[in-house]
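The values are calculated or read from the model by the stated rules, or taken from the named source; none is laboratory data. None of the values given here were measured: they were computed from a predicted structure. Cβ atoms come from the backbone with ideal geometry, glycine included; neighbour counts cover every protein chain shown.
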Amino acid sequence: MARSLAALLVLMLGVCAARAEVPLVLSGEARQGGLLIGRTSPAAEVELNGRRIRLAPDGRFVIGFGRDHPPQARLEIRLGQARLGRDLVVSQRSYDIQRIDGLPPAQVTPPPEVLERIRAEAARIQELRTRDSGLAGVLGGWIWPVNGPITGVYGSQRILNGEPRQPHFGIDIAAPTGTPVVAAADGEVVLAEADFYFTGGTVMIDHGHGVSSVYSHLSRVDVTAGRPVARGERIGAVGATGRVTGAHLDFRVNWLNERIDPALVLAGGR
Ligand SMILES: [Zn+2]
């Protein structure tokens with residue numbers, strides 16, 4: 001009896017000690033379209049919704065929540081025998097939805113001869129989004145890639161002739177053609193193309209920990225794939241290339257395949 005009580009006490013102490021052993025600090029608020037930076041022991045293993053999360057050498061990590069992420073997320077951290085679970089409440093947002101009916105079909109569907117090209121370009125971007133490198137640019141802060149009024153917001157969606165189109169995942173920043181565009185954070189250029197069908201002149205930068213940024217409709221591209229860039233370094237210029245009606249920069253941020261709201265990232269809200 002005394003022995004099993006003692007064993008129980010040791011077990012309980014063990015559990016308490018284990019709890020205390022898993023450090024966790026989260027900075028920022030979990031919300032749809034947001035990034036959160038966390039910190040734990042560099043020796044820990046972190047999972048978000050069952051997905052393994054990369055840790056920086058100092059124990060920092062990045063997690064993100066897509067446009068339609070459900071209200072709950074589960075963060076699990078293991079450190080040796082110790083475990084820490086945390087249910088995160090992900091703030092839900094409402095988005096601008098616009099319905100337009102009675103459009104001629106040609107405005108809804110691209111011509112069949114370009115469909116293959118569109119698919120190939122989308123596949124390249126999608127594959128690059130899955131990169132999960134150890135680059136630390138995402139942890140070092142962000143600046144606006146160009147200054148100007150915001151003419152398109154994250155998450156908005158059009159329903160054309162009753163068919164929901166892909167939501168707008170970037171922010172549109174209006175600026176005259178030729179205005180320099182700079183890297184929003186340190187990273188490495190992973191894609192630099194002068195002429196994608198939808199996005200025209202397009203640059204994609206890997207900032208590490210699954211976070212990438214994409215700059216579209218550029219009138220010129222001043223970098224090449226494989227090259228490191230520093231935050232604030234010129235990568236191209238604003239244009240109206242691809243399928244657009246006027247000069248602007250479409251600026252996107254991804255965390256792996258989740259689309260992140262660039263306005264939150266730029267506001268420091270992550
Ligand atoms: Zn856009």
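Listed here are the residues, each with its yes/no results for (1) small (Gly, Ala, Ser); (2) closer than 20 Å to Leu128 by Cβ; (3) crowded, with 24+ Cβ neighbours inside 10 Å.
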| position | (1), (2), (3) |
| --- | --- |
| Gly178 | yes, no, no |
| Ala185 | yes, yes, yes |
| Val189 | no, yes, no |
| Gly201 | yes, yes, yes |
| Val214 | no, yes, no |
| Glu233 | no, yes, no |
| Arg243 | no, no, no |
| Asn257 | no, yes, no |
| Ala267 | yes, no, no |
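Rundown of residues vs (1) modelled with pLDDT of 95 or more; (2) within 16 Å of the ligand (Cβ to nearest atom); (3) of a type in the set (Ser, Thr, Tyr); (4) over 15 Å from the mean Cα position of the chain (by Cα), yes/no style:
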residue	(1), (2), (3), (4)
Phe196	yes, yes, no, yes
Tyr215	yes, yes, yes, no
Val223	yes, no, no, yes
Glu233	yes, no, no, yes
Arg252	yes, yes, no, no
**Asked** Tally time: how many residues in segment 158-183 are out of contact with any His (no Cβ under 7 Å at 6 or more places or on another chain) and assigned to a strand (DSSP E or B)?
**Response** 9
**Request:** Enumerate the pairs (first residue in segment 240-269 and not assigned by TED's automatic domain parsing to the domain that holds Phe61; second residue anywhere and assigned to a helix (DSSP H, G or I) and within 11 Å of the ligand (Cβ to nearest atom)) with beta-carbon separation below 6 Å, excluding pairs fewer than 6 apart on the same chain, so at least 6 apart or on different chains.
**Result:** Phe251/Pro262; Val253/Pro262
**Prompt:** Considering segment 181-209 alone, what residues qualify as being out of contact with any Pro (no Cβ under 9 Å at 6 or more places or on another chain) and within 20 Å of Ile150 (Cα to Cα)?
**Reply:** Ala185, Thr199, Gly200, Gly201, Thr202, Val203
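Residues checked against (1) among the small types (Gly, Ala, Ser); (2) assigned by TED's automatic domain parsing to the domain that holds Phe251; (3) under 16 Å from the mean Cα position of the chain (by Cα):
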| residue | (1), (2), (3) |
| --- | --- |
| Pro111 | no, yes, no |
| Ala136 | yes, yes, yes |
| Arg165 | no, yes, no |
| Pro180 | no, yes, no |
| Ala185 | yes, yes, yes |
| Glu188 | no, yes, yes |
| Gly201 | yes, yes, no |
| Met204 | no, yes, yes |
**Message:** Between Gly201, Gly155, which is part of a loop (DSSP other than H, G, I, E, B), out of contact with any Cys (no Cβ under 8 Å at 6 or more places or on another chain), within 16 Å of the ligand (Cβ to nearest atom) and closer than 21 Å to Gly242 by Cβ?
**Reply:** Gly155
**Request:** Out of the residues in segment 159-178 that are of a type in the set (A, V, I, L, M, F, W, C) and touching a helix residue (DSSP H, G or I) at 6+ places or on another chain (Cβ under 8 Å), state the one that is farthest from the ligand (Cβ to nearest atom).
**Result:** Leu160
